[in-house]
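Comments concern the structure below.
The values are calculated or read from the model by the stated rules, or taken from the named source; none is laboratory data. Here the structure is a predicted model, which means the values were calculated and not measured. Here the Cβ positions follow ideal geometry from the backbone for every residue, glycine too, while neighbour counts run over all protein chains shown. With ligands, DNA and RNA removed, areas are computed over all heavy atoms of the protein, side chains included. Shrake-Rupley method; radii C 1.70, N 1.55, O 1.52, S 1.80 Å.
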Amino acid sequence: MTTISSRPADTKPPQNQTSPLTWVRKNLFNNIFNSILTIVLVIIIGLALRGLVLWIFQGAEWAVVTNNVSLFMTGLYPRDLYWRAWLMLGIVVALAGFTWGVVGRNLGSLFSRNVLMGLALAALLIMLLPITRPNAPRLIAYEALTVAMAWLGQQAGRKFSGLGMKLSIGWFASYFVLLYLLAGGDVRASVLYFVGMIAVSAIAGWQLAARVSLLPKLGLFEKILLFLVGFIATYLVLWYGSWLLGVEVGLDRASTSKWGGLMLTLLLAITGIALCFPVGLLMALGRRSQLPIVRGLSIAYIELIRGVPLISILFMGQVMIPLFLPEGTRPDRIVRAIVGLTIFSSAYLAENVRAGLQSIPRGQTEAAQSLGLNTPLTMSLIVLPQALKVAIPAIVGQFISLFQDTTLLGIVGLVELLGITQSILANPSYLGDYAEGYAFIAAIYWVFCYAMTYGSRRLETSLNNELR
Amino acid sequence: MTRTSSKRITGWRALLRDARFWQIAFQVIVVIGVVIAFSYLASNLQRNMARSGIDFGFSFLQNPAGFAIGETMLSYRAQDAYSKAIQAGIVNSLRVMIVGIVLATVVGVTAGVASFSDNWLLYKISRIYVGLVRNIPLLLQLLFWYLAVFFGLPQPANQIVLPTQGLSWVTLSNRGVYLPSPAFTAETWTGAILLILALLVGGLMLRSFNALRSGSLPPDLGGWAARIGHVAVILLILVIEYFLLFSNSAEDQLFFKGAVLALFSSARGIWIVVLMLSAIPIALLFKWRNYALVEQGETGRKQTIGLVILAVVDLAILLFALGWKTPEVLESGGVTGGLRLTLEYSALVTGLVFYTGAFIAEIVRAGIQSVSKGQWEAARALGLNSGKAMRLVVFPQALRVIIPPLNSEFMNLAKNSSLALAVGYPDLYSVATTTFNQTGRPIEVFVVMMGTFLVINLLISLNMNQLNNLVQFKER
């Protein structure tokens, strides 16, 4: 401030040369009150840290964690099917690495110094931590796989444009592959086969419509008809064909009562997130709709659901869904849980999206309409992209609370991460090791939630094109 | 006309191009879909209930419940009716919610303001607290507090006594937490809770009164409908107030005495009423002082003295008239006197307060950040120190941004209190679950529970909206 540079060219801001001592004086001891506060806080923190360190290294009995890692991760999943869990992890890791590479395709080098240091640190931790040490070779191989796939993804991303879209299809498909790997059983009765049939049939119908309509000039109506014919024919062939063949192909069945641990938590959270987003979006649009009946129904849904605790909705899902269905139909416990989670979360998500929609000025809609766009196009091309961008932090916040809410399913009898922890801690040989068990899974939850927050912050900055 | 008719679209094709047709058709389709879905579900429900031989109705609420409730303020016994058990659960829930909301606000505002401290250490602690607590599921935290912290407290023989062994104000052991408290009976406590509820409900009447009095309602049909609505609200609230304040347990199917009856039956109860009533002159004096300071440019000395006198009187009542008792440690290790909080209640309130407090801290932080920097600088330029600048200039403006999300945080706390089930505290949800397990009537129990939670949330929300109206910018 006081020194005015004699050379106008020297416009760099003065560098704040602060020694640690001045920093301490400025931030910790700048007046008497703060000095006293600092001293008191240092003493309290010191005592707390000392207690914590002593507890971690001397007091705590970590056997409850180190002996039960596989229970924490996969619950009661059969031991001889562990290879499937590993394969699932491998697929996810490979896809994640590839995505990382594709996203970072324009970076000069994917592996900056920080990334390399992070990777080395991860490898070191894998080898040193008692919970990962038994599986260290495999985990390190997975880390190498991630790196290799990232390199591959970068090369592929540079070569082929538009890989991002295909990648999201890949993630979508991988969900069903993973679900099948988890559940096993007859392929023909699996969700994977069902989704696959629909996909193949749709491609066949589309191809039919496209190929045939090349010859004569066909109207839209005829094209749709051709598509339907192709779709239905292929679907029937695939469906009956597979049963006519009569060969039962498939992995061993792992019943849903055996699913558990972190694996089940992630399954519930991901499925819940994937389902509640479209429902919430529809409800938000419904609440903003001009049509009184649609608006009234949406408001009733949102406000009713938001007025009651989640646990009561899960209770309803477990007890009352069977009551409302025809006799004998009783959906799987996990399906009922996901339905409950989705119903609950979508009401909150609808409010978040609505806040985003309200932040978009009316002029945007009017401009879109004056360009001749109809309501669905105005919404999907003009309003929603802007509204969702505004709503990202709130939406991710809702996803995080959905992830945390999966713990409540432990109360209604699923053995997700908290549920399995409860049953491990009920084992008399780990009597009283509550703090250890809870601290371990708290760390797991924290890492996932923090990663989501971090991701949302990154997404927000990368989408923010206003002040660049 | 006839010449251009080849280009005009007529008949059903014209209908298909009409936006109004599609709007109506879409709504008709939605209604038909919803009706079909609901009638399908309802017919299934009817068939399933007929099969299991249950007919819908609430008469089962009069049957004896037959289960005990661990802690209750309504002198409930196992042979009492289900309806009494549920009321005991509601009172237990309210006990958690009221205490939880007050403490969570204190913790949250403190942590939120601390994140603006110029003490780096305090700032870091606040950030770490928020970052840690928000990212760990509440249920896990509750179980941690219950099983790892409160269950891990020492035996009564070597319990923790604070501040010193001789001067026991707080004692902690695995039998419970003892705090100093006024020597109230359970009836007086319930009366105090009911009085708070009655005040909250009564606050809702004000809006209807104001709407009627302001004369802004148009003299047409809609205006009269609104008037009738407001009168109906006032009458409804008066009826509820009667039950909350004057109901007598024997006559009214309710199992609590109305607040007035309960409080006026003991000397200490009367002092509670006096304390609550003294809020009125305090508020009036405060307004008068503000008026004198701002409009008349006086020092407001008289009013300040009045306020101080009232505050001293209130403090004296609070300290001496309520018969405070501190817990006394016996030779055997047991404790008498004072207020005993069970481990379940303590764990539930602690967990809820710290979890909700972290969210409130973020709300407060965002609210303070929303006040433009110029306000800070102007306040400092006027010579206010940073504490005063926060208290007098920034925080009042931040309140406008803080209160709406705070409202939903309070409602979340109220709803999350149903996790009491996990730590074994007999709140409304846990009593309702037991009732359902015994009677096999999910629908009725669910309706009762859902209705109660909806009413509680409505109460919180409407009262917070009134508060919101107070702090909004008064624009011309």
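Listed by first and then second residue, the pairs with beta-carbon distance under 8 Å, at least 6 apart or on different chains, first residue in the stretch A:40-53 and at the interface with chain B (Cβ under 10 Å from one of its Cβ atoms), second surrounded by 11 or more Cβ atoms within 10 Å (Cβ to Cβ), are A:Leu41/B:Asn119; A:Leu41/B:Leu121; A:Leu41/B:Leu122; A:Leu41/B:Ile125; A:Val42/B:Leu121; A:Ile45/B:Leu121; A:Ile45/B:Ile125. Among the conditions (1) in contact (Cβ under 8 Å) with a residue 60 or more places away in the chain; (2) open to solvent by 30 Å² or more (accessible area, probe 1.4 Å), A:Ile441 misses just one, which is (2).
Give the residue that is most open to solvent (accessible area, probe 1.4 Å), with candidates limited to residues of the stretch A:113-133 that are part of a helix (DSSP H, G or I) and β-branched (Val, Ile, Thr). Among them, the one singled out is A:Val115.
Within the stretch B:97-111, count every residue that is farther than 11 Å from B:Ile193 by Cβ and open to solvent by less than 20 Å² (accessible area, probe 1.4 Å). Walk me through how you get there before you give the answer.
We begin by selecting, within the stretch B:97-111, every residue farther than 11 Å from B:Ile193 by Cβ; these are B:100-111.
Now narrow it down to the ones that are open to solvent by less than 20 Å² (accessible area, probe 1.4 Å): B:100, B:104, B:108, B:111.
Going through the stretch B:97-111 one residue at a time, the tally reaches 4.
The numbered conditions (1) under 16 Å from A:Leu402 (Cβ atoms); (2) open to solvent by 50 Å² or more (accessible area, probe 1.4 Å); (3) without any contact (Cβ under 8 Å) to a residue 60 or more places away in the chain are all true for A:Phe277 except (3). Within the stretch A:288-322, the only residue that satisfies the criterion of being more than 26 Å from the chain's Cα centre (by Cα), assigned to a helix (DSSP H, G or I) and basic (Lys, Arg) is A:Arg295. Hey, does the stretch B:365-386 have a residue that's buried (at least 21 other Cβ atoms within 10 Å of the Cβ), more than 13 Å from chain A (Cβ to nearest Cβ) and not in a helix (DSSP H, G or I)? Within the stretch B:365-386, none of the residues are buried (at least 21 other Cβ atoms within 10 Å of the Cβ), more than 13 Å from chain A (Cβ to nearest Cβ) and not in a helix (DSSP H, G or I).
Considering only residues that are aliphatic (A, V, I, L, M) and open to solvent by less than 70 Å² (accessible area, probe 1.4 Å), which ones fall in the stretch B:319-338?
Going through the stretch B:319-338, the residues aliphatic (A, V, I, L, M) turn out to be B:319, B:321-322, B:329-330, B:335.
The answer is B:Ala321, B:Leu322, B:Val329, B:Val335.
Would you point out the residue of the stretch A:388-437, among those that are open to solvent by less than 10 Å² (accessible area, probe 1.4 Å), assigned to a helix (DSSP H, G or I) and in contact with a Ser or Thr (Cβ under 7 Å, 6 or more places away or on another chain), that is farthest from the other protein chains (Cβ to nearest Cβ)? Here the residue is A:Leu402.
The set of residues in the stretch A:70-89 being touching a Leu at 6+ places or on another chain (Cβ under 8 Å) and surrounded by fewer than 16 Cβ atoms within 10 Å (Cβ to Cβ) consists of A:Leu87 alone.
Filtered by the rule that a residue be more than 12 Å from B:Gly176 (Cα to Cα) and either touching a residue at least 60 places away in the same chain (Cβ under 8 Å) or not in a loop (DSSP other than H, G, I, E, B) (or both), the stretch B:320-331 gives B:Phe320, B:Ala321, B:Leu322, B:Gly323, B:Trp324, B:Lys325, B:Thr326, B:Glu328, B:Val329. Selection within the stretch A:316-342: residues that are farther than 19 Å from A:Val415 by Cβ and touching a residue at least 24 places away in the same chain (Cβ under 8 Å). The member of this set that is nearest to the other protein chains (Cβ to nearest Cβ) is A:Met316.
Of the residues making up the stretch B:12-28, those that are surrounded by 11 or more Cβ atoms within 10 Å (Cβ to Cβ) and at the interface with another protein chain (Cβ under 10 Å from one of its Cβ atoms) are B:Trp22, B:Gln23, B:Ile24, B:Phe26, B:Gln27, B:Val28.
One line per residue, one yes/no per condition, for (1) under 28 Å from the mean Cα position of the chain (by Cα); (2) within 30 Å of B:Ala232 (Cα to Cα); (3) in contact (Cβ under 8 Å) with a residue 24 or more places away in the chain; (4) more than 14 Å from every other protein chain (Cβ to nearest Cβ):
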site: B:Gln155; (1), (2), (3), (4): no, no, yes, no
site: B:Pro163; (1), (2), (3), (4): no, no, no, yes
site: B:Gly176; (1), (2), (3), (4): yes, no, yes, yes
site: B:Thr190; (1), (2), (3), (4): yes, yes, yes, yes
site: B:Ile193; (1), (2), (3), (4): yes, yes, yes, yes
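Put simply, of A:Gly59, A:Gly118, A:Gly104, A:Gly90 the only residue that is under 22 Å from A:Ile441 (Cβ atoms) and not aromatic (Phe, Trp, Tyr) is A:Gly59. Among residues of the stretch A:236-256 that are of a type in the set (Lys, Arg), none has a beta-carbon under 8 Å from a residue that is in a helix (DSSP H, G or I) and open to solvent by 90 Å² or more (accessible area, probe 1.4 Å) at least six positions away or on a different chain.
Taken together, B:Gly323, B:Gly297 contain a single residue that is on the phi > 0 side of the Ramachandran plot and in contact with a strand residue (DSSP E or B) (Cβ under 8 Å, 6 or more places away or on another chain), which is B:Gly323.
Restricting the stretch B:401-437 to residues that are polar (S, T, N, Q) and within 17 Å of B:Gly451 (Cα to Cα), the residue that is nearest to the other protein chains (Cβ to nearest Cβ) is B:Ser418. Take B:Leu406 and decide whether it is of a type outside the set (Ser, Thr, Tyr), part of a loop (DSSP other than H, G, I, E, B) and either within 16 Å of the chain's Cα centre (by Cα) or modelled with pLDDT under 90 (or both). When the stated conditions are applied, B:Leu406 does not pass them. Among the listed residues A:Ser257, A:Ser312, A:Ser289, A:Ser345, which satisfies the condition of being open to solvent by 10 Å² or more (accessible area, probe 1.4 Å), within 14 Å of chain B (Cβ to nearest Cβ) and not charged (D, E, K, R)? After ruling out the rest, the residue left standing is A:Ser289.
On the stretch given as the stretch B:339-364, residues that are open to solvent by 40 Å² or more (accessible area, probe 1.4 Å) and either free of Cβ contacts under 8 Å to residues at least 12 places away in the same chain or within 16 Å of B:Asn407 (Cα to Cα) (or both) total 2. Specify which of the listed residues (B:Leu245, B:Leu212, B:Leu261, B:Leu204) is more than 28 Å from B:Ser75 (Cβ to Cβ) and out of contact with any Leu (no Cβ under 7 Å at 6 or more places or on another chain). Criteria check complete, one pass: B:Leu212.
Screening A:Leu71, A:Leu76, A:Leu110, A:Leu95 for residues that are closer than 30 Å to A:Val191 by Cβ and assigned to a loop (DSSP other than H, G, I, E, B) leaves exactly one candidate, A:Leu76.
Residues of the stretch A:98-107 that are in a helix (DSSP H, G or I), among the aliphatic types (A, V, I, L, M) and open to solvent by 60 Å² or more (accessible area, probe 1.4 Å): A:Val103 alone. Within the option set B:Gly108, B:Gly112, B:Gly131, being among the small types (Gly, Ala, Ser) and facing chain A (nearest Cβ under 9 Å) holds for one residue only, B:Gly131. Has the stretch B:139-162 got any residue that is more than 14 Å from B:Gly351 (Cα to Cα) and in contact with a Pro (Cβ under 6 Å, 6 or more places away or on another chain)? No, there is no match, as no residue in the stretch B:139-162 is more than 14 Å from B:Gly351 (Cα to Cα) and in contact with a Pro (Cβ under 6 Å, 6 or more places away or on another chain).
Summed over the stretch B:143-178, the residues that are in a strand (DSSP E or B), open to solvent by 50 Å² or more (accessible area, probe 1.4 Å) and closer than 30 Å to A:Asp433 by Cβ give a count of 2.
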